[in-house]
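Inspection log for the structure reproduced underneath, given as structure tokens.
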Amino acid sequence: MCSRQVFAASEEIASAFNLLDEAKQKEITNGAPTDATPIITLQEPNKLQYFKWGFPWFGQDGRQNLTTCIRSETAVKKFSRLFDKKNRCLSISKGFFEFSKETKEPYYFVATDQPYTVIAALWDFTPDNQTGISEKRSAILTTDPNEMVATTHDRMPVILNKEGQAIWMNPESSIEDLEALFVAYPQEKVEVKIASKKVNNSRNKNFKLENLKDPKDVQRNEQGELF
């Protein structure tokens with residue numbers, strides 16, 4: 001789920017959050033796993049950084065896989081080392097895509113009560129398979145979806161409002177305080193539009209995100225209106 005996101009230019013993000021921007025990254029309309037994604041860490045909260053998206057691991061067949069999304073229900077147990085080190089961070093997204101199982105159309109979800117769709121995430125140093133050099137990577141947390149997102153997927157990112165962001169980035173927050181954040185973002189604060197199928201091809205990075213369609217205006221032969 002949430003394998004595609006929209007990332008604003010680093011200059012725009014840095015200005016909005018009053019951050020130091022050393023990355024000078026352009027906007028990515030169709031960010032996918034392994035892309036560099038904008039991150040704010042608990043350790044360096046005044047600096048905008050870009051980490052590759054996804055923790056690598058190897059299956060029994062020897063192939064490298066990526067953990068891009070972490071189930072929040074088991075995150076504290078499975079990633080206890082990262083919680084102990086307080087390797088918490090914010091993934092700064094403009095919005096995320098989920099794909100219709102029937103039509104394969106990308107549904108674009110955004111938080112409407114804040115300028116960015118800010119997602120709880122964890123980060124770590126991981127060795128590059130080819131060079132052996134450690135690099136910073138991140139993975140986002142997910143939870144059960146609200147009713148709107150549930151029409152396309154059974155999970156959604158853990159989106160944080162301003163208060164939630166402060167708790168997630170507070171080194172003194174208890175595990176109980178953190179786990180209380182692992183809930184679906186209120187449906188009335190999320191908007192959804194249908195985007196171009198250009199999103200389906202992860203190599204299409206920088207097309208204009210325009211002519212978005214309202215799902216209420218799109219009729220489905222099988223089920224009528226979706227919302």
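The values are calculated or read from the model by the stated rules, or taken from the named source; none is laboratory data. All values derive from a computational prediction rather than experimental measurement. No Cβ is skipped: glycine too gets one built from the backbone with ideal geometry, and neighbour counts run over all protein chains shown. Please note that ligands, DNA and RNA were not included when accessible areas were found on the heavy atoms of the full protein model with its side chains. Shrake-Rupley method; radii C 1.70, N 1.55, O 1.52, S 1.80 Å.
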Legend entry - Spin-label model distance (nm) - Asp154 vs Lys77, 7 Å beyond Cα toward Cβ: 1.8 nm
Legend entry - Greater than 18 Å apart at Cα, pairs in Lys162/Lys189; Lys52/Lys198; Lys26/Lys94: Lys52/Lys198
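Longest span of the chain, sites excluded, free of GluC sites (Glu not before Pro) in DSSP loop with at most 13 other C-beta atoms within 10 Å?
Working: sites that count: Glu22, Glu102, Glu172, Glu210, Glu222, Glu225.
No qualifying site falls inside 23-101, the longest such stretch.
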Legend entry - Extension reserve of the Asn18-Asp214 stretch, reckoned as 0.36 nm per residue once the Cα distance is removed: 67.2 nm
Inset, instruction - Rank Thr29, Val183, Tyr108 by how far each Cα sits towards the positive end of the charge dipole of the chain (+1 on Lys, Arg Cβ; -1 on Asp, Glu Cβ) and give me just the farthest. - result: Thr29
Legend entry - For semi-axes √(5λ) of the Cα gyration tensor in Å, calculated from these coordinates, the label among (1) 29, 17, 17; (2) 38, 21, 14; (3) 27, 20, 19: (3)
Inset, instruction - Run down the aspartates and glutamates and flag those whose C-alpha is under 18 Å from the C-alpha of Lys216, throwing out any fewer than 8 positions away in its chain. - result: Glu98, Glu102, Glu105, Glu147, Glu188, Glu191, Glu225
Legend entry - Sequence-distant residues sharing a close amide H with Thr68 (under 5 Å, placed H): Phe55
Legend entry - Dipole of region 23-161, positive direction: furthest Cα of Ser72, Pro56, Ile140, with charges on the beta-carbon: Pro56
Legend entry - Accessible surface of the chain, 1.4 Å probe, proportion on carbon and sulfur as whole %: 46 percent
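What number, in nm² with one decimal, is the all-direction average of the projected area of the convex hull of the alpha-carbon atoms of region 1-84? Can you show the working numbers first?
Numbers: hull surface 27.6 nm².
One quarter of the hull surface, i.e. the mean projection, equals 6.9 nm².
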Legend entry - For region 1-57 versus region 163-207, the gap between their alpha-carbon centres in whole angstrom: 13 Å
Legend entry - For region 158-166, 3J(HN,Hα) per residue [Karplus equation, 6.51 cos²θ - 1.76 cosθ + 1.60, θ = phi - 60°, Hz, x = Gly/Pro]: 7, 7, 10, 7, 4, 5, x, 4, 5
